Each structure stands twice: as C-alpha cells, then as structure tokens.
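The values are calculated or read from the model by the stated rules, or taken from the named source; none is laboratory data. Predicted model only: the values in this text are computed from it and were never measured. In this analysis, Cβ positions are derived from the backbone assuming ideal geometry, glycine residues included, and neighbour counts consider all displayed protein chains. SASA here: full protein model, heavy atoms, side chains in, ligands and nucleic acids out. Shrake-Rupley method; radii C 1.70, N 1.55, O 1.52, S 1.80 Å.
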Amino acid sequence: MALETNTSPALAETCLVYIGTYTRAQSKGIYMCRLNTATGTLTSPVLAVAAANPSFLALHPNHRLLYAVGETSGSSTGVVNAFAIDGTTGTLTLLNQQASAGRGPCHLAMDKTGVCVLVANYGSGSVAALPINADGSLGPPTTSIQHQGSSVDPKRQEKPHAHGIGFDLAGHRAFCADLGLDKILIYQFDQSKAAITPNDPPFGSVKPGAGVRHFVFHPNGRRLYAINEMQSTVTAFDYNPQRGALTEFQTISTLPDIFTGPNTAAEIAVHPSGRFLYASNRGHNSIAVFAIDDATGRLTLVDHQSTLGKTPRMFAIDPTGEFLLAANQDSNTVVVFRIDLNTGRLTPTGQSVEISSPTCVTFVRIN
C-alpha cells in the first residue's frame with residue numbers, strides 16, 4: 001500500500017489519521033485510525049508510536065515523514081521528534097530527536113519544499129528553525145529567536161508566548177502568533193539555509209488582550225485569518241506578499257451573542273474551497289462556521305455546531321473537504337462531522353472514537 005502525495009478527491013478512499021495527545025493521563029503517544037473518505041467511517045485508534053506529549057504534529061510534503069513536538073513544562077527544554085511512516089501498517093519509527101531551543105514547544109510548521117521545520121515554544125516565547133536531513137531526520141536548529149515584550153493581561157501576557165507558526169502559501173515568509181504579545185511576528189524564510197530572519201514590517205497586531213493563538217491563510221494567499229484565544233474572536237487581515245505586511249479589516253466573535261460563560265478559542269481552518277472558515281470554542285464546546293465573502297474576505301456567521309464533547313482543542317478537515325474531525329481533549333473523543341459543501345454547516349455522522357487527551361489531528365492519504 002503506497003502513500004499518496006496527490007490530494008485529488010477522485011483518488012484514495014482511505015486516509016490514515018494520526019492523533020497527537022497529552023500523555024499525562026492514559027495515552028502513550030501518537031495514535032492512528034483509518035478514515036473512509038466515502039462513508040466517514042473511522043476505525044478504532046491503535047498506538048502508532050510511544051512518545052511523551054506529542055501534542056502537535058506536522059506532515060512532510062512527501063507524506064512519508066511525520067514530525068511531533070515533545071511538549072514540556074517548567075524549565076526543561078522541549079524537543080521535536082522525526083518519524084518515518086510505514087504506508088502499509090501506519091506505524092511510526094523514530095528517526096531522531098532534536099532540542100526545540102526553548103521551553104514548552106506547542107506548534108510546528110513544515111515548509112512546502114520539505115527542507116525545514118519551524119517550532120513555536122510557548123513556555124519561553126521563542127521560535128526555532130530545524131533543517132531536515134536527506135533521510136528525514138532533523139538537524140540542530142539553524143535559527144533560534146527569542147521574542148520580547150508583553151501585553152495588557154498581567155497573568156497570561158506578562159511575557160511572550162509563541163503559540164502558532166506557519167508559512168505563507170508561496171513559502172517566502174514565516175509567521176508566529178504570539179499570545180503574550182498580541183502580535184503575529186513576520187519572518188523572511190531562506191530556503192537554502194533553512195533559516196528565518198525578521199521581516200520589515202516585523203509584525204501585525206490584534207486587539208490588546210485578544211491573545212492571538214493560531215492562524216490560517218486563505219487558499220488565494222492574499223488573506224490571513226487569526227484566532228484569538230483570550231477574547232474568543234477571529235481577526236481577518238489582508239496580506240501583501242511583496243512586503244509581507246498584514247492589514248486588519250475585520251474582527252468577529254466566535255461565540256453566540258447569548259453565551260456568557262467562560263470560553264477560550266483554540267483552532268481555525270479554512271475549507272479547501274475557500275468558501276467557509278471554522279473556529280473552535282473551548283467552554284461553549286462548539287465549532288463556529290463562517291461564510292467567506294469571495295470579493296472582500298469578510299466573515300458572516302452561519303452556525304454553531306456542538307462538538308459533542310468537552311474542550312475541542314483542535315480539529316481538522318480531511319483532504320476531500322467532506323469531513324471535519326474534532327478532538328475533544330477533556331472528554332477523550334474524536335468526533336466525525338460531515339461538511340455541507342453548499343452551506344458549510346456541520347452534521348454529526350454518528351462516528352466517534354475514544355482516545356485519552358486528544359490534541360491534534362493530521363491526515364495522510366493512501367491508495
């Protein structure tokens with residue numbers, strides 16, 4: 001059974017689904033299921049590899065390699081793990097491990113050519129670039145950058161907290177959402193050196209106290225949408241790829257007007273069609289569905305769908321765009337929803353699996 005690098009919906013009807021977890025409870029590492037992309041059926045999870053707190057995963061463009069943070073707390077330096085994927089069994093084999101050059105690594109991004117992994121270290125408020133060797137293993141960091149500053153919340157924004165990292169669609173620049181600074185830091189990416197340097201302009205900003213967490217680019221490459229954990233909002237930016245500049249044009253709540261309980265927003269994704277945006281709420285325990293105006297990029301609320309569990313830390317859309325899988329961290333479930341391709345609305349399929357403290361969902365197509 002070969003790994004499939006072409007993501008055309010007409011191809012494979014099965015995806016490997018890798019689920020990252022926190023291993024402080026019953027979990028032992030990264031788990032694997034199989035999703036039938038015709039029916040939405042999800043098989044029971046099996047352990048793909050034992051690992052400590054693999055809370056976020058990133059797939060190599062060749063679909064044969066998987067990378068995972070080893071999230072730590074306190075003063076310990078975190079790690080990034082490199083794994084080889086067995087395309088037949090789905091099991092993972094550790095290639096090597098490198099220090100993340102910071103504390104509490106929580107997020108990874110892979111450049112589209114597969115030469116570099118970027119890691120965001122929440123605990124130390126820093127980012128690092130790790131080169132990928134020819135065999136898929138990781139080299140020592142080429143770059144480590146410490147963020148500086150604070151924002152308005154004295155408890156959660158007393159210092160930098162790098163939380164989400166990624167590239168623009170061209171692969172020319174990298175970005176880091178820093179919850180502690182209310183900024184999206186912008187970096188130039190040198191593919192030949194697998195390294196990053198500060199951009200000019202150096203950042204885009206969200207509202208004070210918003211606590212920006214993750215972000216996603218629209219498929220047209222000209223807009224960036226960021227989810228703000230602390231204020232439960234999404235901020236939309238126009239993106240100038242020539243300068244790397246971000247210009248805010250909208251901020252909208254992820255919550256219903258009538259909801260008054262505690263909530264922290266978590267994950268964000270744009271549908272492959274570019275027509276819909278999804279954002280998760282931890283507290284309201286829902287996925288907010290937005291329509292995206294094709295001309296302006298502005299968001300309009302469509303619906304809120306319960307995730308049928310507690311604390312949806314992460315969700316992901318399968319490669320066909322037909323299904324969304326929500327990882328409910330505190331109710332220990334991954335739940336499958338069908339996406340209405342006309343409205344963007346989500347409908348529970350009745351499919352779910354039990355897994356302890358799920359935190360991340362990543363798909364690998366096979367045929």
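Could you please report the charge total around T21, scoring K, R as +1 and D, E as -1 over all other residues with beta-carbon less than 14 angstrom from its beta-carbon?
Taking every Cβ under 14 Å from that of T21, the sum is 0.
Once phi is turned into ³J(HN,Hα) by the Karplus curve 6.51 cos²θ - 1.76 cosθ + 1.60 with θ = phi - 60°, what whole-Hz value does each residue of segment 36-46 show in order, with x for glycine and proline?
Residue by residue, segment 36-46 yields 7, 7, 8, 10, x, 6, 10, 7, 5, x, 10 Hz.
On average, how much accessible surface per residue is there in segment 258-362, in Å², for a 1.4 Å probe, leaving out ligands, DNA and RNA?
36
What is the sum of charges around S356, taking Lys and Arg as +1, Asp and Glu as -1, for the other residues whose C-beta is under 11 Å from the C-beta of S356?
Every neighbour counted, the sum reads 0.
Kindly state, to the nearest 0.05, the FRET efficiency for N240 paired with Q148, given R0 = 22 Å and r defined as their beta-carbon distance.
That pair, N240 with Q148, gives E of 0.35.
Using +1 at the Cβ of each Lys and Arg and -1 at the Cβ of each Asp and Glu in segment 263-350, identify which of L299, P319, N263 lies farthest towards the dipole's positive end.
Sorting the options by dipole projection puts first N263.
Pull out a ≥ b ≥ c, the square roots of the eigenvalues of the alpha-carbon gyration tensor of the chain, then state rounded if a/c is under 1.5, prolate if not and a/b is larger than b/c, and oblate in the remaining case.
rounded
Multiply the residue gap between A170 and K155 by 0.36 nm, knock off their C-alpha separation, and tell me the result in nm, one decimal place.
So the extension gain works out to 1.7 nm.
Based on Cβ point charges of +1 for Lys and Arg and -1 for Asp and Glu, what charge dipole magnitude is obtained for the chain about its Cα centre, in debye rounded to the nearest 20?
Using Cβ point charges on Lys, Arg, Asp and Glu, the chain gives about 360 debye.
Please work out the Cα center distance from segment 250-280 to segment 22-50, rounded to the nearest Å.
Centre-to-centre distance over Cα atoms comes out at 26 Å.
Search the structure for amide H atoms under 5 Å from the amide H of T14, placed 1.01 Å from N in the peptide plane, and list their residues when 5 or more places away or on another chain.
Answer set, sorted by chain and number: T37, I366.
Can you compute 3J(HN,Hα) from phi for each residue in segment 187-200, using the Karplus curve 6.51 cos²θ - 1.76 cosθ + 1.60 with θ = phi - 60°, rounded to whole Hz and x for Gly and Pro?
10, 7, 10, 9, 4, 5, 10, 6, 9, 10, 9, x, 8, 10
In debye to the nearest 20, how big a dipole does segment 104-248 give about its Cα centre with +1 on each Lys and Arg Cβ and -1 on each Asp and Glu Cβ?
About 120 debye.
I need to check one value: relative contact order of the chain, counting alpha carbon pairs closer than 8 Å and at least 6 residues apart, in percent.
14
Apply the Karplus curve 6.51 cos²θ - 1.76 cosθ + 1.60, θ = phi - 60°, to the phi angles in segment 329-341 and return the couplings in whole Hz, x for Gly and Pro.
Karplus values, whole Hz, x for Gly and Pro: 4, 8, 10, 6, 9, 10, 10, 9, 10, 8, 9, 6, 6.
Which lysines, if any, have their Cα less than 29 Å from the Cα of K193, not counting same-chain residues under 8 positions apart?
The reachable lysines, counting only those whose Cα sits under 29 Å from K193, are K112, K183.
For segment 233-343, give the magnitude of the charge dipole about the Cα centre (Cβ charges: +1 Lys/Arg, -1 Asp/Glu; no others), in debye to the nearest 20.
240
Using modelled amide H (1.01 Å from N, peptide plane; none on Pro or chain starts), what sits under 5 Å from the amide H of V361, excluding residues fewer than 5 places away?
Amide H to amide H, under 5 Å and 5 or more residues apart or across chains, V361 pairs with G20.
Find which of T254, A177, T41 sits farthest along the positive direction of the dipole of the chain, computed with +1 on the beta-carbon of Lys and Arg, -1 on that of Asp and Glu, about the Cα centre.
A177
Compute the orientation-averaged projected area for segment 249-344 from the convex hull of its Cα atoms and round it to one decimal in nm².
Projected over every direction and averaged, the Cα hull of segment 249-344 covers 6.0 nm².
What's the local net charge at R173, with K and R +1, D and E -1, over the other residues with C-beta under 14 Å away?
It works out to a net charge of -1.
Label R345 and D330 with points 7 Å out from Cα along Cα→Cβ: what is the distance between them in nm?
2.9
Using the Cα gyration tensor of segment 313-367, with a ≥ b ≥ c the square roots of its eigenvalues, what is the shape: rounded (a/c below 1.5), prolate (a/b larger than b/c) or oblate (neither)?
Oblate, because a/c is 1.5 or more while a/b does not exceed b/c.
Quick one: which residues, 5+ away or cross-chain, put their amide H under 5 Å from the amide H of T333? H built at 1.01 Å from N.
Here N328, I355 satisfy the definition.
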